[in-house]
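Accompanying notes for the structure given below.
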Amino acid sequence: MTTEAQAAAPREHPWRMPANWWTRNRRYFLYVVREFTVVPIAAWLLWMLLEIKRADGGPAHYYPPSSTAFVVFSVIVLLFSLYHSFTFLSLAGVIIHVKVLDRPVPSRLIVLSQFALWAVASVVVGFVLIWFAR
Amino acid sequence: MADKRITIQTTRYDPDKDEKPRLQSYEIPFYDDSMVVLDALNYIKSNVDGSLSYRWSCRMGICGSCGMMVNGTPKLSCSAFLRDYWPRPIVVEPLNNFPVIRDLVIDMDDFMQKLKSIRPWIIRKQEIPLGAGAHYQTNEQIDDFRQFSECINCMLCYAACPVYGLNNEFLGPAAIALARRYNLDSRDQGLKQRLPVIADNEGVWECSFVGECSVVCPKGVDPAKAIQQTKLDTTMRFILPYGNRD
């Protein structure tokens, strides 16, 4: 753009996102809360990696953490994880578009199948953990 | 009814005089329950202050010209009824996330360039001559993309998207929804030309699913759905054998 053209161009007022944008709308606020719940989940997973490392010496030398603070933290993280799982699996009905015999599968059926798979996977993982812990 | 009045606070910005946009208050008669915010602005322009600038055209929620922030929410001003706000004042501002040219008029160049970048038209590898007749589609084939074809380019979804507000490199909801509309069209063969734009870091993967674009869409297009579906499709194309089909 030439200097003359720049001078002739209208002066615009640029957009700047206010720092408190996420407090201006309830849904923005819930979105930010949702995003931040991954921080404690990530911290808990790092903790679990350290515990696995600590278990290196065998069952005789390992004492699992059992403090009240850890149990409370774990329960909170479990709730956050369930919340993420719920939102993710509910979203499946929106994003997965499958056709059977040229007819689209209803989104409710897709969501139900996702939750059923989730339940089956949880039972299998729980069974494996309990089986190997015996 | 004749004495009923309502206060409209609207953004004023004259780039030759003002450092930044400011709000100006107008009290106008609210003489008809069917009045919308656009009627109020037209009343101000015709009877109070002829210098007020804003875009509008069809006055019936079709052209997508009159998108504005109405009490902080992106709305078509022709579809925002005064009766839903009265007796409280109504604050009318230009759409968020865009530069302001004057008063309620935003610069939409960025959106227009993004819209063009996804090639929102039917692309054929080889054009079918007109003499070959109509290119038929079944109702089921139309149903695949009908929802996404309802977009009127009103940009309310861009004004509602904090991701775009924080990073205007993001391709944005409407452009991706329209890309999906054409990619799902049985007559179209342009997927490979659109993929570099929509599957880019600043394309679908920039979206973190706030979902507000779908909430404010006046036509029920559900751009958030289009974006999440595109994420799934591009991933499946990447990981599945023969997924890189046309």
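No value in this document is a laboratory result; all are computed from the given coordinates. Being a predicted model, the structure only gives us computed values, none of them experimental. Virtual Cβ from ideal backbone geometry, glycine too; neighbours counted across all protein chains shown.
Largest first and in whole Å, the equivalent-ellipsoid semi-axes of the protein assembly as shown read 45, 31, 21, each the square root of five times a Cα gyration tensor eigenvalue.
Karplus-based coupling profile of the stretch B:8-23, in residue order and whole Hz: 10, 9, 10, 5, 10, 8, 10, x, 7, 10, 9, 6, 8, x, 9, 9, with θ = phi - 60° in 6.51 cos²θ - 1.76 cosθ + 1.60 and x standing for Gly or Pro. Scanning residues 5 or more positions from B:GLN9 or on other chains, those with amide H under 5 Å from its amide H are B:TYR26, B:ILE90, B:VAL91, B:VAL92, with H placed 1.01 Å from N in the peptide plane. Using a 4.7 Å Cβ-Cβ cutoff, the cysteines of chain B lacking any partner cysteine are B:CYS66, B:CYS78, B:CYS151, B:CYS154, B:CYS161, B:CYS207, B:CYS217. Between B:SER208 and B:VAL48, what FRET efficiency follows from the Cβ-Cβ distance if R0 is 56 Å, with the result rounded to 0.05? Calculated transfer efficiency: 0.85.
Take the Cβ atoms of A:VAL128 and A:VAL32, set R0 to 51 Å, and the FRET efficiency comes out at 0.90. In terms of its C-alpha gyration tensor, the stretch B:58-126 has a prolate overall shape, because the principal axis ratio a/c (a ≥ b ≥ c, square roots of the eigenvalues) is not below 1.5 and a/b outweighs b/c. Scaling against 2.2 N^0.38 Å puts the C-alpha radius of gyration of the stretch B:109-239 at 1.06. Within the straight-line cut-off of under 16 Å between alpha carbons, the aspartates and glutamates reachable from B:LYS192 are B:ASP200, B:ASP233, B:ASP246, sequence neighbours fewer than 8 places apart in one chain being disregarded. For chymotrypsin sites (Phe, Trp or Tyr not before Pro), no site in the stretch B:45-116 is both called loop by DSSP and has at most 14 other Cβ atoms within 10 Å. For B:SER53, the residues whose amide H sits under 5 Å from its own are B:LEU104, ignoring neighbours fewer than 5 places away on the same chain, with H placed 1.01 Å from N.
With semi-axes defined as the square roots of five times the eigenvalues of the C-alpha gyration tensor, the equivalent ellipsoid of the stretch B:37-91 measures 16, 16, 10 Å, largest first. The spacing between the stretch A:34-108 and the stretch B:209-241, judged by their C-alpha centroids, is 24 Å. Over the stretch B:5-106, Cα pairs under 8 Å with separation of 6+ residues give a relative contact order of 35 percent.
Projected onto their three principal axes, the Cα atoms of the stretch B:137-211 cover extents of 41, 24, 18 Å, largest first. Across chain A, the relative contact order, built from alpha-carbon pairs under 8 Å that are at least six residues apart, equals 14 percent.
Which pairs, out of B:LYS75/B:LYS225; B:LYS17/B:LYS45; B:LYS45/B:LYS225; B:LYS45/B:LYS114; B:LYS17/B:LYS219; B:LYS125/B:LYS231, put more than 27 Å between their alpha-carbon atoms? Violating the 27 Å Cα-Cα cut-off are B:LYS45/B:LYS225; B:LYS45/B:LYS114; B:LYS17/B:LYS219.
Compactness check for the stretch B:40-183: Cα Rg over 2.2 N^0.38 Å is 1.28. Scalar couplings 3J(HN,Hα) for the stretch B:172-178, obtained by applying the Karplus form with A = 6.51, B = -1.76, C = 1.60 to θ = phi - 60°, are x, x, 5, 4, 6, 4, 6 Hz; x denotes Gly and Pro. Working note: Karplus 6.51/-1.76/1.60 with θ = phi - 60° gives the stretch B:214-223 the couplings 6, 5, 8, 4, x, 10, x, 5, 6, x Hz, where Gly and Pro are set to x.
Looking at chain B, identify the longest residue range that excludes and avoids all GluC sites (Glu not before Pro) in DSSP loops having at most 11 other Cβ atoms within 10 Å. The longest such stretch corresponds to B:128-246. Across the stretch A:3-131, the fraction of Cα-Cα pairs farther apart than 19 Å, rounded to a whole number, is 73%. Its alpha carbons give chain B an Rg and a Dmax of 20.9, 71 Å. Using a Förster radius of 41 Å, what is the FRET efficiency between A:LEU49 and B:LEU166 based on their Cβ-Cβ separation? Nearest 0.05, please. So the FRET efficiency works out to roughly 0.80.
With the convex hull of the Cα atoms taken as the outline of the stretch B:5-106, the averaged projected area works out to 6.1 nm².
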